[in-house]
Structures are given as structure tokens and as C-alpha cells.
Amino acid sequence: MDALVSLSKRRGFIFQSSEIYGGTGSCWDYGPLGVELKQNIKRIWWRDYIQRRPDMMGLDASILMHPTVWKASGHVDNFTDPMVDCLECRRRFRADKIDETPWVHYCPATKGNKFTIPAGEPCSHCGVTRTLCPECGKGELTPPRQFNLMFKTFMGPVEEDASLTYLRPETAQGIFVNFDNVLQSMRRKLPFGIGQIGKAFRNEITPGNFIFRSREFEQMEIEFFVNPLETVEGRPADEYWHERWIEDSMAWFRRYGLSEENLRLREHEADELAHYAKRTADIEYRFPIGWSELMGIANRTDFDLKQHAKFSGKTLTYFDEERKEHVVPYVIEPSAGVDRALLAFLADAYREEEVRGEKRVVLRFHPELAPLKVAVLPLLKKREDIVRTAHAIRDELSKDWTVVYDDTAAIGRLYRRQDEVGTPYCVTVDVQTVGDQAKGEVGDGKVTIRDRDSMEQIRVSLDALGSVFLELLGGAAWASVAGRFERKGDG
Ligand code: GAP
């Protein structure tokens with residue numbers, strides 16, 4: 001995790017929010033490369049799930065909603081974590097997670113020496129287990145109290161209870177309250193889904209582990225509405241679609257680079273299920289902090305639509321033409337965090353390799369995710385014709401992709417810099433490309449393309465550059481393209 005945090009800051013992926021003021025410990029800012037990576041994750045999600053599927057539609061609901069939404073959804077009463085406070089240092093902890101962090105102990109068996117003891121373990125000198133504050137090691141803790149995770153705010157100029165509302169803690173409710181609007185305006189038949197990407201806010205008691213748990217984050221959520229009266233392949237429609245979404249979501253993460261051995265499915269136990277859920281499965285990823293939730297896929301039944309119908313007094317049903325009756329659809333909810341997905345893609349892509357006796361740090365991002373697709377590098381920055389050609393290539397390629405020009409170091413170092421941010425291809429313009437007028441030599445009009453992963457290089461004519469990148473960035477394997485061109489030594 002330290003390597004990822006350090007790389008993220010050094011190379012412009014992720015910065016701590018308000019850092020010059022000492023930082024807000026639980027909020028993060030995405031830098032120039034981080035925002036590209038994040039946009040790419042959201043773009044492929046939207047393309048794969050909304051644009052390409054005939055049974056899906058998009059939505060962009062507002063963050064501030066009617067306060068009754070949160071009463072109906074159960075968040076006002078149930079969206080709580082048990083919290084304890086240290087009476088000495090005043091720090092606050094989640095009661096159910098307190099034994100998951102190392103704890104500070106002043107051991108009486110060693111004249112009160114201070115030790116930091118691994119999470120959940122007793123002191124190896126005196127044998128006691130933690131009862132005091134894990135952070136300061138001195139304070140008694142208060143009994144647990146329920147703490148609501150929603151951020152409160154006020155609508156309008158007067159700060160009074162009547163104008164109290166909340167920053168949404170999930171994007172899902174924006175979809176439920178628009179169910180009828182979408183149904184009526186788009187005239188869909190069940191099953192269909194509505195997807196949304198947007199910010200969510202939770203006043204987490206113990207945020208942390210970089211962007212894994214923050215107080216402001218983004219979600220990519222789908223509410224997939226199915227007819228509970230129908231069966232598919234001999235199974236109730238909700239159970240069939242739940243299974244389909246689990247398989248689909250797993251395959252999606254694998255397709256964009258998460259390794260099989262770092263992904264697993266975890267079924268929620270009966271006592272762990274949310275009050276609205278018939279079944280929930282989490283896709284877990286082996287983050288640097290250990291196996292943890294990457295996304296959840298819940299069968300929310302008809303709970304939300306029924307609750308909103310009850311609280312709003314509106315009918316939120318679907319007319320089943322075949323059976324001539326109104327039904328309340330069941331809902332399958334694949335819900336992923338953008339930031340958590342980004343952390344997983346970053347962690348999985350990160351490699352430290354040894355190349356010709358030197359350490360090479362490389363982010364082996366899937367090309368669709370890579371923040372920069374191509375870097376154009378002039379071999380000699382003093383040669384005006386080389387520099388001009390390199391700029392022209394950058395300008396041309398940047399009509400379709402995110403491309404940078406860099407001439408701030410020698411070529412070997414420029415390659416390493418691009419490896420470290422995961423740029424799949426570099427294009428080098430050299431003397432051979434443009435020729436040497438002084439010597440009466442004509443250039444061959446070819447440039448070198450270097451592949452990040454294999455470090456192999458090929459010579460490609462300027463005319464063919466656009467179509468070659470169309471192939472490579474469109475998903476063609478390097479080997480299948482490189483075979484058609486003249487090879488150069490590895491770069
Ligand atoms: N609508 C259902 C829902 O919000 P959730 O499991 O609470 O379910 C869904 O959240 C996903 O949102 C999680 O799997 C995780 O990826 C992301 N997420 C939740 N809380 C987060 C936080 N504090 N920081 C970053 N991501 C978070």
C-alpha cells in the first residue's frame with residue numbers, strides 16, 4: 001500500500017485533499033493521471049452496461065434529495081455504526097472493528113513499557129487483551145452508541161429542522177424514486193435496469209486505507225428490475241438475474257485486468273444480510289490490506305419500491321400485460337465503488353521488475369484503463385525537425401487518444417517514466433525518421449513504437465501510425481501486430 005500511495009502522489013494520480021492545510025484525512029483528490037484513470041473506469045462501465053445493453057438505461061439524479069427519501073429507505077433509522085469514544089484522547093472508533101487494528105499497550109509486566117500489539121492478539125508479556133483505547137493505550141472507552149453515517153445539511157437560507165436534508169449515502173435511492181418516471185417516459189418491459197454513476201457521502205467513523213474507505217466517494221450502481229411472477233430457465237426471475245449479474249460483474253473485473261487469484265465471491269450470512277435483502281454476494285479483492293469488499297450484488301426484493309410507494313403515496317408498480325395485473329418489481333442491485341475499483345486496478349497493475357540489472361516499476365494497466373495511451377518522445381530535442389515531427393504526431397494522435405509529448409530526459413529515463421504510469425506505447429522520433437539535410441540524407445518516414453509490457457520495438461511508417469494504434473488500442477495483441485513490422489532491439 002505504501003508503494004501505491006507514494007507512486008500515486010509522485011506521479012500525479014492521487015493527492016490528499018487540502019494537503020497544504022494539513023489535509024482532510026478521509027478525502028482524496030485525483031490528479032491529472034488519476035482523473036484520466038477514473039474517467040476510463042467510469043467510461044468503460046457506462047459503455048459496457050448502459051450503452052451496449054438493450055435492457056439498460058442511464059440516469060443522473062441529484063445528490064440532495066427530499067429528506068423523506070431517507071426515512072423511507074431506512075437510512076435515517078438504520079444507517080448506523082456502533083461507535084465508542086476514548087475518554088482520555090477523545091478519539092472515536094467503530095465498536096465492531098476496534099479489534100481489527102494494532103493496539104497500544106503500557107505493559108505492567110515490563111515496568112510500563114509501551115508496545116504496539118498486532119490486531120486481536122494479547123500482550124506476549126503480561127497476556128492481557130485490549131480493553132483500553134487502542135490508539136493512546138490509556139483511556140477507558142464509552143459504551144457503544146449508534147452513530148448515523150449520513151452527512152446532514154440544510155436546504156435554503158434558514159438552518160432549522162424543517163430544512164434539514166442529507167448528502168446521499170448511496171446513488172441507489174435516486175434510481176428508485178425515478179422508477180416511474182423512467183418506466184413512463186421510456187416505455188420499457190421488464191426486465192430492465194437503470195444505471196447511475198455519482199458521488200456518495202458517508203461520515204465513516206474510521207475511514208482509512210487510502211481511497212479504500214473515504215467519506216466522499218463515487219459509486220457505479222445498477223438497479224435491475226425484474227418481474228417476480230416470471231420464471232427464467234425454471235427459476236424465479238429474481239434468482240436467475242441475481243446469478244447472471246454476479247457472473248457478469250466478476251467477468252467484467254477480470255476482463256479489465258484483475259487477476260483470477262485476487263478475486264473471490266463471498267456470500268452474506270443470514271445474520272449479516274441487510275434488512276431488505278433476500279441474498280447478497282460481495283465480490284472481494286485481495287487488496288494490499290487483505291481480502292475486502294470491492295462490490296456488492298444484492299437481491300433487494302420489492303422493499304425499496306414498496307417503501308417509497310408507502311411514504312410518497314404514489315403507485316410504483318408495473319402493469320404485467322400478460323397476466324393483466326399490477327406487480328411491484330423485484331430489484332437486483334450490482335453496486336460498485338469507483339474508487340475501490342481504481343485501487344484494485346492500480347494494485348493489480350503494479351509490478352517491480354528487474355530489467356538489465358535495474359529496477360523497473362511498471363503499471364501493467366489494460367490499455368482501456370491506462371491514463372495515457374501513447375507518449376511521443378523525440379530522441380534529440382535539439383533537432384528542430386525531430387521535435388516538430390514529434391509534436392505533429394502528438395497533435396494527430398491526440399484527436400483520438402490521450403497522448404503526451406515529453407523531451408525532458410534521455411530516452412531510457414523517458415521510457416521508465418512512462419512505464420511507471422502505465423502508458424502502453426511510446427513513439428520515438430529519431431534521425432532516421434527525418435533524415436539529415438546537412439549530409440543530404442533523406443528520412444525513411446518511420447518511427448519506433450515501443451510496447452510497455454514486452455519492451456519490444458518495431459518500426460512503423462508515419463502513414464500507418466493511426467491505423468496501427470487503432471488496432472493496438474482497440475484490443476489487438478502486440479504480438480499479432482508487431483509481427484507485420486520490422487523489429488528493433490528492445491527499449
Ligand atoms: N446501494 C448499495 C450500497 O451502497 P454498499 O455496500 O454500502 O452498498 C457499495 O456500497 C459499494 O460502494 C461498496 O462495495 C464499495 O465499493 C463502495 N463504498 C462503500 N462505502 C465506501 C467508502 N466509505 N469509501 C469508498 N467506497 C465505498
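The values are calculated or read from the model by the stated rules, or taken from the named source; none is laboratory data. Since the model is a prediction, treat every value here as computed from it, not as a measurement. Here the Cβ is made from the backbone with ideal geometry for all residues, glycine too, and neighbour counts use every protein chain on show. Quick note on the areas: whole protein, heavy atoms, side chains included, nothing else; ligands and nucleic acids left out. Shrake-Rupley method; radii C 1.70, N 1.55, O 1.52, S 1.80 Å.
Does Lys152 satisfy the condition of being open to solvent by 70 Å² or more (accessible area, probe 1.4 Å) and either touching an Asp or Glu at 6+ places or on another chain (Cβ under 6 Å) or over 18 Å from Ile205 (Cα atoms) (or both)?
no
Can you name the number of the only condition in (1) within 28 Å of the chain's Cα centre (by Cα); (2) in contact (Cβ under 8 Å) with a residue 12 or more places away in the chain; (3) surrounded by fewer than 18 Cβ atoms within 10 Å (Cβ to Cβ) that Arg300 fails?
With (1) within 28 Å of the chain's Cα centre (by Cα); (2) in contact (Cβ under 8 Å) with a residue 12 or more places away in the chain; (3) surrounded by fewer than 18 Cβ atoms within 10 Å (Cβ to Cβ) applied to Arg300, the lone miss is (3).
If you scan region 393-412, which residues turn out to be out of contact with any helix residue (DSSP H, G or I) (no Cβ under 6 Å at 6 or more places or on another chain) and open to solvent by less than 20 Å² (accessible area, probe 1.4 Å)?
Result: Ile393, Leu397.
Just a yes or no: is a residue in region 173-190 closer than 16 Å to Ser335 by Cβ, within 12 Å of the ligand (Cβ to nearest atom), over 17 Å from the mean Cα position of the chain (by Cα) and among the aliphatic types (A, V, I, L, M)?
Taking every residue of region 173-190 in turn, at least one turns out to be closer than 16 Å to Ser335 by Cβ, within 12 Å of the ligand (Cβ to nearest atom), over 17 Å from the mean Cα position of the chain (by Cα) and among the aliphatic types (A, V, I, L, M).
I'm trying to understand the selection: among the residues of region 99-117, which are loosely packed, with under 13 Cβ neighbours inside 10 Å and in contact with a strand residue (DSSP E or B) (Cβ under 7 Å, 6 or more places away or on another chain)?
Answer for region 99-117, where residues must be loosely packed, with under 13 Cβ neighbours inside 10 Å and in contact with a strand residue (DSSP E or B) (Cβ under 7 Å, 6 or more places away or on another chain): Gly112, Asn113, Lys114, Thr116.
Yes/no per residue for (1) touching a helix residue (DSSP H, G or I) at 6+ places or on another chain (Cβ under 9 Å); (2) more than 9 Å from the ligand (Cβ to nearest atom):
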site: Phe154; (1), (2): yes, yes
site: Leu164; (1), (2): yes, yes
site: Gly208; (1), (2): no, yes
site: Phe212; (1), (2): yes, no
site: Arg215; (1), (2): no, no
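Every residue in region 303-335 that is open to solvent by less than 30 Å² (accessible area, probe 1.4 Å), away from the ligand (no atom under 14 Å from the Cβ), in contact with a strand residue (DSSP E or B) (Cβ under 6 Å, 6 or more places away or on another chain) and of a type outside the set (A, V, I, L, M), please.
Correct list: Tyr318, Asp320, Pro329.
What is the number of the single condition among (1) more than 30 Å from His326 (Cβ to Cβ); (2) at pLDDT below 95; (3) out of contact with any Gly (no Cβ under 7 Å at 6 or more places or on another chain) that Arg187 does not meet?
Result: Arg187 fails condition (1) only.
Restricting attention to region 33-51, which residues are in contact (Cβ under 8 Å) with a residue 40 or more places away in the chain and over 15 Å from the mean Cα position of the chain (by Cα)?
Asp48, Tyr49, Ile50
Could you please find all residues in region 195-206 being buried (at least 20 other Cβ atoms within 10 Å of the Cβ) and within 6 Å of the ligand (Cβ to nearest atom)?
Arg202
With Ala375, Ala390 as the choices, which residue is surrounded by 15 or more Cβ atoms within 10 Å (Cβ to Cβ), within 24 Å of Gly474 (Cβ to Cβ) and within 29 Å of the chain's Cα centre (by Cα)?
It is Ala375.
Filter region 81-98 for residues that are of a type outside the set (Asp, Glu) and open to solvent by less than 40 Å² (accessible area, probe 1.4 Å); which is farthest from Glu170 (Cα to Cα)?
The qualifying residue farthest from Glu170 (Cα to Cα) is Cys86.
List the strands (runs of 3 or more DSSP E) inside region 109-154, counting only whole elements, that have at least 2 residues being of a type in the set (S, T, N, Q).
So the answer is 113-117, 145-148.
For region 232-254, indicate whether the set of residues that are open to solvent by 70 Å² or more (accessible area, probe 1.4 Å) and in contact (Cβ under 8 Å) with a residue 40 or more places away in the chain is non-empty.
No, region 232-254 has no match at all.
Mind checking whether some residue in region 340-354 is among the small types (Gly, Ala, Ser) and in contact with a Gly (Cβ under 7 Å, 6 or more places away or on another chain)?
yes
Only residues in region 197-222 that are more than 25 Å from Ile246 (Cα to Cα) count as the first member; pair them with residues that are within 6 Å of the ligand (Cβ to nearest atom) and among the hydroxyl-bearing types (Ser, Thr, Tyr), Cβ under 8 angstrom, at least 6 apart or cross-chain, and list the lot.
What qualifies is Glu204/Ser214; Pro207/Ser214.
Restricting the search to region 170-186, which residues are within 11 Å of Asp304 (Cα to Cα) and open to solvent by 10 Å² or more (accessible area, probe 1.4 Å)?
Matches in region 170-186: Val177 only.
Kindly evaluate Pro288 against the criterion of being under 30 Å from Gln39 (Cβ atoms) and away from the ligand (no atom under 14 Å from the Cβ).
Yes, satisfied.
Pairs please, first residue from region 60-80 and touching a residue at least 12 places away in the same chain (Cβ under 8 Å) and farther than 12 Å from Leu164 by Cα, second anywhere and surrounded by fewer than 14 Cβ atoms within 10 Å (Cβ to Cβ) and basic (Lys, Arg), Cβ atoms under 8 Å, 6+ apart in sequence or on different chains.
Ile63/Lys199; Ala72/Lys310
Taking Trp45 as meeting all but one of (1) touching a Cys at 6+ places or on another chain (Cβ under 8 Å); (2) within 22 Å of Glu170 (Cβ to Cβ); (3) of a type outside the set (S, T, N, Q), write down the number of the exception.
Single failed check for Trp45: (1).
Which one of these does Lys381 not meet: (1) surrounded by 13 or more Cβ atoms within 10 Å (Cβ to Cβ); (2) under 27 Å from Lys38 (Cβ atoms)?
Of the numbered conditions (1) surrounded by 13 or more Cβ atoms within 10 Å (Cβ to Cβ); (2) under 27 Å from Lys38 (Cβ atoms), the odd one out for Lys381 is (2).
How many of the residues in region 136-187 are over 14 Å from Glu223 (Cβ atoms) and of a type in the set (Val, Ile, Thr)?
Total satisfying the criteria: 4.
Please enumerate the residues belonging to region 336-372 that are open to solvent by less than 20 Å² (accessible area, probe 1.4 Å) and either within 16 Å of the ligand (Cβ to nearest atom) or among the aromatic types (Phe, Trp, Tyr) (or both).
Passing the criteria: Ala336, Gly337, Val338, Asp339, Ala341, Leu342, Leu343, Ala344, Phe345, Leu346, Asp348, Phe365.
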